[in-house]
Structures are given as structure tokens and as C-alpha cells.
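Trainee: The structure under discussion is supplied below as C-alpha cells; questions concerning it will follow.
The values are calculated or read from the model by the stated rules, or taken from the named source; none is laboratory data. What you are looking at is a predicted structure, and each value in this text was computed from that prediction instead of being measured. Cβ placement follows ideal geometry from the backbone for every residue including glycine, while neighbour counts extend to all protein chains displayed.
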Amino acid sequence: MPIWTELLAAAPEVVTLPFLGASSVFDRARRYTVRGRLPPERGWHRFEVAGSRHASWRGEGEPDGDFAEGRETVSGYLVEDRLIEDGVAVPLDVRRTFTLARPVHLVEAGLDRFARALVARQADGALIFVRPELPLGPEPDVLEAFQDGVSIDEVPGVPPALHLAFLWQVHRR
């Protein structure tokens, strides 16, 4: 006859989670401490988890297409590895622009300048890149203005987040 702890023990399963370089990984609201060898680099990795709060690294993984499910998500414009959220107001002091952009981890390589993205917040508050979003319309005209070194004042329909992304890129030139 099995003892009660054996009945309560969950069968191990392998899950794919973002690894950001610390000794912990997060799956929805649960935090796991990685025991044993850590992944060699940041990215998506497979971990074996069971009923405890410990995970064991099992190798590299592919981004989890369902990662955003059950998590708070945010959309906006990427400026390198930072996100300027939709709905942000353009500050009078342009230097404040840089305080409004939040770091995003595991951004897909090769995205266009002024790309829109969907990110999900993991349990520790870190924003994880989920996928690119469809453009809203003025992005090609804003990109052209950036490349030509001109203002976007005449470009219709530029949302505040895109305006701030443009200002950020102009400042970084």
C-alpha cells in the first residue's frame, strides 16, 4: 500500500520556460529554483518540474506559443529591447521618453524598426516577448521619415507610442 506522500507527488513533466540568467524560472504564478546545471545562455529552455518548487534543466527549447495564455499581456512598439506601450502619453520633456520604455526579454532577432509586439508579464514582473503584432498603418511612413531625417509632424494617424519610439530612435542616432 502506497504512503500518502507518494499519492500526492506529481509525476514529473517537462515544460518550456524563458530563462533570463538567474537561478529561478517562472511558470504562470509559480516560481521554480533551478537545481543542478543552469542553461548556458538566456533563452527558451526545457525544464523538468514535479510537485516541488524545483526544476532541472533538460536542454534548449522553442518559444512557447501559449506563453501569453493566463498572463497579463501588453502591446506596443519595440525600440531595440525595450517596449513603449500603446496608450502612453507623449511627455512635454522628451528626456522622460526613456523612462517610459520598459525592458523586454528574449526579443526575436531581425524585427523591423518600429515593429509592434505583444509581450507577456511573468510572475516576477519581467516582460517576455511573445510575438510581433500587425502594424497599425503609419509605420512605413514613420520609417521613411526616420530614414530621410525629417519630422513625422505631417504623417497622419501616428499613435503616441509610435511617436515616442520615433523620438527615441532619432535621439540614438
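Trainee: When residues of the range 128-154 are filtered for being farther than 22 Å from R96 by Cβ and either of a type outside the set (A, V, I, L, M, F, W, C) or touching a helix residue (DSSP H, G or I) at 6+ places or on another chain (Cβ under 7 Å) (or both), how many remain?
Mentor: 14
Trainee: Sticking with this structure for a sec: Does P63 satisfy being within 27 Å of P159 (Cα to Cα), modelled with pLDDT under 95 and touching a Ser or Thr at 6+ places or on another chain (Cβ under 9 Å)?
Mentor: no
Trainee: Could you tell me how many of the residues in the range 38-60 are outside any strand (DSSP E or B) and either at pLDDT 95 or above or of a type in the set (F, W, Y) (or both)?
Mentor: Looking only at that region, the number is 5.
Trainee: Since G125 meets every condition but one in (1) within 20 Å of the chain's Cα centre (by Cα); (2) in contact (Cβ under 8 Å) with a residue 40 or more places away in the chain; (3) closer than 17 Å to A101 by Cα, which condition does it not meet?
Mentor: The single condition G125 does not satisfy is (2).
Trainee: So which residues in the range 28-40 are surrounded by fewer than 19 Cβ atoms within 10 Å (Cβ to Cβ) and in contact with a strand residue (DSSP E or B) (Cβ under 8 Å, 6 or more places away or on another chain)?
Mentor: R31, T33, R35, G36, R37, L38
Trainee: Scan the range 90-122 for residues that are surrounded by 14 or more Cβ atoms within 10 Å (Cβ to Cβ), at pLDDT 90 or above and in a loop (DSSP other than H, G, I, E, B) and report the count.
Mentor: Qualifying residue count, the range 90-122: 7.
Trainee: Return the residues of the range 64-90 that are among the acidic types (D, E), touching a residue at least 40 places away in the same chain (Cβ under 8 Å) and under 19 Å from E108 (Cα atoms); say none if nothing qualifies.
Mentor: Answer for the range 64-90, where residues must be among the acidic types (D, E), touching a residue at least 40 places away in the same chain (Cβ under 8 Å) and under 19 Å from E108 (Cα atoms): D64, E85.
Trainee: If I ask for residues that are closer than 20 Å to S75 by Cα and in a helix (DSSP H, G or I), which ones from the range 140-162 would you list?
Mentor: Of everything in the range 140-162, those that are closer than 20 Å to S75 by Cα and in a helix (DSSP H, G or I) turn out to be P140, V142, L143, P160, A161, L162.
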